[in-house]
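Shown next, in structure tokens, is the structure this report addresses.
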């Protein structure tokens with residue numbers, strides 16, 4: 001458990017509300033300290049209840065990113081013009097041409113997050129060992145029976161069903177997709193180093209690599225664990 005953001009009063013452990021479902025946010029009052037999984041926050045006027053996320057006609061879960069949408073329309077005039085190319089690189093190239101939706105998008109995503117939601121370096125270091133990057137995640141998955149099912153009897157046998165098999169397969173495919181995206185799709189190492197792809201228009205074939213001295217990305221401020229995929 002760690003605390004994120006500012007608090008208007010001293011935090012008392014017994015008063016912390018532990019949230020297990022989004023519907024529980026409906027009863028939270030301004031100034032309430034609540035905890036979800038690990039981080040603790042103070043509920044204020046900027047927090048959004050579950051009903052607001054789901055209510056029509058402005059359902060938050062269905063709202064898109066206007067900056068990104070406008071940049072894609074600006075960069076790719078037709079549905080097929082984005083096939084087989086690096087989308088982000090294309091948007092960055094379009095942004096370099098001058099003012100417009102593409103440049104607005106790049107400037108928006110490269111801006112630092114507000115101080116109120118920015119994680120400190122100490123918080124990031126403390127969060128990483130406890131996340132999916134830690135070997136302890138295997139014990140967490142076992143305790144909640146997410147991938148490894150619970151024992152069906154006292155003899156120690158596990159209940160392996162089609163549902164648990166499908167869940168494990170889906171999880172492995174999700175992780176594999178993340179690895180492919182990071183490593184550059186199915187392009188071989190030699191192809192990545194030489195820039196010669198086979199086929200030439202292989203999508204996601206070349207993933208840009210981070211080099212020493214590159215400007216820090218704004219997303220580095222968030223506690224995102226590398227193994228969360």
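A few comments on the model shown:
- Some residue of region 73-83 being out of contact with any strand residue (DSSP E or B) (no Cβ under 6 Å at 6 or more places or on another chain) and touching a residue at least 40 places away in the same chain (Cβ under 8 Å): yes
- Among all positions in region 119-134, there is no residue which is modelled with pLDDT of 80 or more and either over 30 Å from residue 43 (Cβ atoms) or assigned by TED's automatic domain parsing to the domain that holds residue 36 (or both).
- Yes/no for residue 36 being under 24 Å from the mean Cα position of the chain (by Cα), closer than 22 Å to residue 127 by Cβ and in contact (Cβ under 8 Å) with a residue 12 or more places away in the chain: yes
The values are calculated or read from the model by the stated rules, or taken from the named source; none is laboratory data. What you see is a predicted model, and the numbers here were worked out from it, not measured in a lab. All Cβ positions, glycine included, derive from the backbone under ideal geometry; neighbour counts span all protein chains shown.
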